[in-house]
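First the structure, in the form of structure tokens, and then the observations on it.
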Amino acid sequence: CNKTKNLNPIREAYALIVKTGHDSLSFYGDHVIRGFASCGSFSEAHHVFSVLQCRTVHTWHAIMSASVKVGDGHAALMFFDRMSAQGILPDKYVFTCYFKACGLMKDLHKAMLMHVMILLRPSGVLS
């Protein structure tokens, strides 16, 4: 799908996952989000994210990354704030995405604040 931007394979995979049960979607959700995003369909990636009841740091990273991919740094940071509000700790991939979003928005101040927060975290927290 990545090269051809053909959404049919990911749509078929998503339909099969949904058909087999919600637990499967919870397990594969972040992969489906990434699949839709890599094919250029942020709206479908967002739909999958919105129906997931169990979101991990990987799920949040997938939707933040999809937001950055379409050039929406504001949405990526909004997802970061929502993730943080739910008590999910960011990993190094989420932080990388956060900085990319700041770059899209040309928000050096926000990036610098996050950099300081990372430096103040206990060592070994970034995984």
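Just so you know, all these numbers are worked out from the coordinates, no wet-lab data involved. In this text, all values refer to a predicted model and were calculated from it rather than measured experimentally. Backbone-built Cβ (ideal geometry, glycine too); neighbour counts: all protein chains shown.
On full extension of the chain, what length is gained from Lys19 through Leu89, given 0.36 nm per residue of separation minus the C-alpha to C-alpha distance?
22.1 nm
Could you please report the charge total around Thr59, scoring K, R as +1 and D, E as -1 over all other residues with beta-carbon less than 11 angstrom from its beta-carbon?
Numbers: positive: Arg34, Arg55; negative: Asp30.
The answer is +1.
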